[in-house]
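Q: Handing you this structure, nothing more for now.
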Amino acid sequence: MERLGHRIDEAISNGSWSPFRFIRNGTPLSHLFFVDDLILYSKADLVNAKVIEDILAEFGSSSGHRVSKQKTQIWFSPNTDPMVKDSICASLGFQVVENLGKYLGVPVIHKRVTRADYSFIIDKLRSRLSGWVAKTLSLAGRATLAKSVLSSIYVYFMQSTLLPKGVCDDIEKIVRQFVWGNSTFDRKISLVNWEVLRQPMENGGLGFRNMYAYNVAFVHKVGFTFISKPNTLWVSLLRQKYRIVEMCPHSIRRSTGSPLWRALTNHWDSIRSSIAWSLGNDHSVSLLDDVWIPSLGPLRTYTLLHAEELDTLSIPDLINANGTWNLDLLPSIFPRDVITHILSIKCPEPSDPNDVCVWRWNPLHSSSISSAYKFLSEMNWDPVSSTWKMFWKCPVPQRILFFIWLVYRQKLMTNSERCRRRLSDNPACPGCAHPLESCCHALRDCPEALDVWMRIVPAALHDSFYSMNTADWLRCNLTSRLIHPKFNLQWLVLFASALRKILKRRNELVFIGTSQPSSTVLRLSLAWARCYENTRPLQYAALLPQNHVVQWSPPIRGCLCLNVDGSSASSTKLNVVGGLLREILEVQSDCKQAVKLVTDSDAGNSSFSLVRAIDKLRGRAWLTDIIWIPRDANRPADYLAKLADPTIDSLAFLEEPHLLRLLVFLIEIL
């Protein structure tokens, strides 16, 4: 194949092959070689057809491979003369087609995308589901399969195409029906609103995605590549076709365009808002309209003066001749908190590369689907809760966790919930005839449930166990690290087990008419908890306090050691940094991402100006080493960072009393 490529290049050089170009003197497009296919491009005339035929014949005779004319397709642009088409087809003997069908399963579409073009994705999903019996799976099992197996089907097509919204809605409908156990002949109740399930697990959902927003996130990633990598072949061709000269224009709308271009056009404003700039030496970034401080966005809304008075001002105007920010000018333009953010940006130097386009929503400036999806959907999510983070880390099976998740959200189909949904007119408890059977009553306060808890709850929890509301009750018991003094089991595991068995007994009473005695419920709960603990010894060992000795280690002889750490004030969002220089330069930090950035082999070309500056310093005539150490071994630097005053712009040195206090602190940890 390489020899074939050389032969085509040779034909282009001598002028016998006329490649396709989007514009005059644009990038020539003559051939694309794939895994088991190739695409050839040329001017539609008999001369080029003859050259192609000769080169393919030469390739076949030298390699032993012959071109199958029955399998080879030829596609002409719509404005090609029909007589020219017929003569070329007669010469080559290839099959003329109106479209190129699919490549690697993805439709190669030359017209407007319709719902019917991607109906095969829906068929694939239904075909996969036909082999699964939803009723034999728990909610946890169905959710896991839907998020892992089903998502791999549609995500593949979303990478390069914006699917019609109707297709995305159909995908969500299929996934939603499977999660709740629906089938063609059996419709089940959706216990929780789908909008809740589409939230991340740390926000209280189950981590399902809004299909259309997720597809748009892929479009954002394509758009970022279009802006940040203009020399990539496909980007270069698109820029030539649609006459895009600026790196990040305000609009790319054209009267016509391919499906991909229309997708980029429709979401261009959102894509541009996701772009930030790392300052370089070409001074192309606008002071007020471009985002060069990612956490703030455009600075036009923060100015103390009328924006019109500052339109002629540029970023170099804010920099002194010695390469530092002009602290005399900045206070007259921006408020104090904005100036603090500006001072955290390193001033560009003449030796820096040009301004670099970076991804705004990722701390490492690299684009990702997850960060784009979060940016698009976060406004519809509940706040992140430490309760949910704790909840999903509980060392119990996912099946029970999903059940407890329903309890926490008060979505079990108790009689009160059935009445709320107008499925019944009797909210009373079937066990004790209490007038309102809530989740808390069914699982704790009903006399039959209470009998089990009285046999099992440790004495240390008696005072609070029966008085808390449902949310606090679950939170308190699931975060407990208590070992049951009588049964020698982790209380949270035994609690979760008993909770599930109590509900099972309640369901047997309602649907079968029989009820197990409390002693049997207790015995089954203990048996299950012991079985689970015995099968997960390593997981439980990780929950127990670990007595690892973590201490600072001195550097090799002949090196100085600099321990660094940062601190951020949650109220002001201001960051400070502290450092401790030891007596014998090795830099130690407990931030793995920072260490990885500055030690990367390509750090000199990083999008972070500060990383480039550090790499330049490391390139001087000295030896440096930057390593990661555990957080506990870096406590002195953390202490110093907390001492730093974020309102002071210059470097601060500690006075003697602080040093003495620090030495005492060091002695405690070494």
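Q: Given LEU494, LEU526, which one is over 38 Å from the mean Cα position of the chain (by Cα) and more than 27 Å from ALA433 (Cβ to Cβ)?
A: Just one listed residue meets the conditions, LEU526.
Q: Let me ask something else about it. Listed residues SER366, SER377, SER370, SER351; which is modelled with pLDDT of 90 or more and exposed (fewer than 14 other Cβ atoms within 10 Å of the Cβ)?
A: Selected residue: SER370, the only one of SER366, SER377, SER370, SER351 that is modelled with pLDDT of 90 or more and exposed (fewer than 14 other Cβ atoms within 10 Å of the Cβ).
Q: Which pairs have Cβ atoms under 6 Å, sit 6 or more apart or on different chains, and link a residue in segment 455-469 that is in a loop (DSSP other than H, G, I, E, B) to one that is among the aromatic types (Phe, Trp, Tyr)?
A: Matching pairs, first to second residue: VAL457/PHE465.
Q: OK, next. Given ASN477, ASN534, which one is in a helix (DSSP H, G or I), in the same structural domain as ALA433 (by TED's automatic domain parsing), of a type outside the set (A, V, I, L, M, F, W, C) and modelled with pLDDT of 85 or more?
A: ASN477
Q: So, restricting to helices (runs of 4 or more DSSP H) that lie completely within segment 571-670, which ones have at least 3 residues that are at pLDDT 80 or above?
A: The helices (runs of 4 or more DSSP H) meeting that bar are 592-599, 609-618.
Q: What are the pairs with Cβ atoms under 9 angstrom where one residue, in segment 311-336, is under 15 Å from SER286 (Cα atoms) and the other, located anywhere, is assigned to a loop (DSSP other than H, G, I, E, B) and of a type in the set (Phe, Trp, Tyr)? Sequence gap at least six, or different chains.
A: Pairs found: ILE315/TRP292.
Q: Of all the residues that make up segment 171-189, how many are modelled with pLDDT of 90 or more and either within 25 Å of TRP261 (Cβ to Cβ) or among the small types (Gly, Ala, Ser) (or both)?
A: 1
Q: I've got another one for you. Under the condition of being over 27 Å from the mean Cα position of the chain (by Cα) and of a type in the set (Val, Ile, Thr), which residue from segment 119-138 is modelled with the highest pLDDT?
A: Among those that are over 27 Å from the mean Cα position of the chain (by Cα) and of a type in the set (Val, Ile, Thr), it is THR136.
Q: Further question: Report the residue count in segment 380-405 for those that are aliphatic (A, V, I, L, M) and surrounded by fewer than 16 Cβ atoms within 10 Å (Cβ to Cβ).
A: 2
Q: I would also like to ask the following. Restricting to segment 254-303, what's the tally of residues that are charged (D, E, K, R), in a loop (DSSP other than H, G, I, E, B) and out of contact with any Phe, Trp or Tyr (no Cβ under 6 Å at 6 or more places or on another chain)?
A: Looking only at that region, the number is 2.
Q: Which of the helices (runs of 4 or more DSSP H) contained wholly in segment 386-450 include at least 2 residues that are modelled with pLDDT under 90?
A: Details: elements: 386-392, 398-408, 415-420.
Fully inside segment 386-450 and qualifying: 386-392.
Q: Give me the pairs, please: first residue somewhere in segment 407-431 and under 19 Å from ASP445 (Cα atoms), second residue anywhere and basic (Lys, Arg) and surrounded by fewer than 18 Cβ atoms within 10 Å (Cβ to Cβ), beta-carbon distance under 9 Å, and either six or more positions apart or on two chains.
A: TYR408/ARG475; MET413/ARG421; GLU417/LYS411; ASN426/ARG418; PRO427/ARG418; PRO427/ARG420
Q: While we're on this one: Filter segment 213-268 down to the residues that are among the small types (Gly, Ala, Ser) and at pLDDT below 90, then identify the one that is nearest to LEU32 (Cα to Cα).
A: Filtering segment 213-268 for residues that are among the small types (Gly, Ala, Ser) and at pLDDT below 90, the one nearest to LEU32 (Cα to Cα) comes out as SER258.
Q: Now for a separate question. Of the residues that sit in segment 479-507 and are under 20 Å from PHE402 (Cα atoms) and of a type in the set (D, E, K, R), which one is surrounded by the fewest Cβ atoms within 10 Å (Cβ to Cβ)?
A: If we filter segment 479-507 for residues that are under 20 Å from PHE402 (Cα atoms), which is where we start, we get 479-480, 490-507.
With of a type in the set (D, E, K, R) added as a condition, the list becomes 500-501, 504-506.
Working: ARG500: 21, LYS501: 21, LYS504: 13, ARG505: 22, ARG506: 22.
Applying the filter and picking the extreme gives LYS504.
Q: OK, next. Any residue that is aliphatic (A, V, I, L, M), over 23 Å from PHE375 (Cβ atoms) and either in contact with a strand residue (DSSP E or B) (Cβ under 6 Å, 6 or more places away or on another chain) or assigned to a helix (DSSP H, G or I) (or both) - is there at least one of those in segment 237-253? Steps first, answer last, please.
A: The initial filter retains those residues of segment 237-253 that are aliphatic (A, V, I, L, M), namely 237-238, 244-245, 247, 252.
Now drop any that are not over 23 Å from PHE375 (Cβ atoms), which leaves 237-238, 244-245.
Filter once more, so that each one left must be either in contact with a strand residue (DSSP E or B) (Cβ under 6 Å, 6 or more places away or on another chain) or assigned to a helix (DSSP H, G or I) (or both): 237-238.
Yes: one or more hits.
Q: Now a separate question. Any residue in segment 497-520 that is within 21 Å of CYS531 (Cβ to Cβ) sitting within a Cβ distance under 8 Å of a residue that is of a type in the set (Lys, Arg)? List the pairs, counting only those 6 or more apart or interchain.
A: Close Cβ pairs satisfying both conditions: GLN516/ARG505; SER518/ARG455; SER519/ARG455.
Q: Something else about it: Within segment 26-58, track down each residue that is over 19 Å from LYS71 (Cα atoms) and part of a loop (DSSP other than H, G, I, E, B).
A: GLY26, THR27, PRO28, SER30, SER42, LYS43, ALA44, ASP45
Q: Take segment 8-17 and flag every residue that is surrounded by 16 or more Cβ atoms within 10 Å (Cβ to Cβ) and either at pLDDT 90 or above or not in a loop (DSSP other than H, G, I, E, B) (or both).
A: Passing the criteria: ILE8, ALA11, ILE12.
Q: Could you list all residues from segment 322-379 that are of a type outside the set (Val, Ile, Thr), part of a helix (DSSP H, G or I) and more than 30 Å from PRO230 (Cβ to Cβ)?
A: LEU330, PRO331, SER332, ARG336, ASP337, LEU343, MET379
Q: Take the residues in segment 304-321 that are assigned to a helix (DSSP H, G or I) and out of contact with any Ser or Thr (no Cβ under 8 Å at 6 or more places or on another chain); name whichever of them is surrounded by the most Cβ atoms within 10 Å (Cβ to Cβ). Even if it seems obvious, please write down each step before you answer.
A: Our first condition is that a residue be assigned to a helix (DSSP H, G or I); within segment 304-321, this holds for 307-310, 315-318.
Filter once more, so that each one left must be out of contact with any Ser or Thr (no Cβ under 8 Å at 6 or more places or on another chain): 307-309, 315-318.
Details: ALA307: 12, GLU308: 7, GLU309: 10, ILE315: 21, PRO316: 12, ASP317: 13, LEU318: 17.
That would be ILE315.
Q: Among the residues in segment 66-76, are any β-branched (Val, Ile, Thr), surrounded by 14 or more Cβ atoms within 10 Å (Cβ to Cβ) and assigned to a strand (DSSP E or B)?
A: So far as segment 66-76 goes, yes, one or more of its residues are β-branched (Val, Ile, Thr), surrounded by 14 or more Cβ atoms within 10 Å (Cβ to Cβ) and assigned to a strand (DSSP E or B).
Q: What about SER91, is it at pLDDT below 85, in contact with a helix residue (DSSP H, G or I) (Cβ under 9 Å, 6 or more places away or on another chain), surrounded by 11 or more Cβ atoms within 10 Å (Cβ to Cβ) and assigned to a helix (DSSP H, G or I)?
A: no
Q: Could you go through segment 435-448 and let me know if any residue there is within 41 Å of the chain's Cα centre (by Cα) and among the hydroxyl-bearing types (Ser, Thr, Tyr).
A: yes
The values are calculated or read from the model by the stated rules, or taken from the named source; none is laboratory data. All figures in this text were calculated on a predicted structure; none of them were measured in a lab. Backbone-built Cβ (ideal geometry, glycine too); neighbour counts: all protein chains shown.
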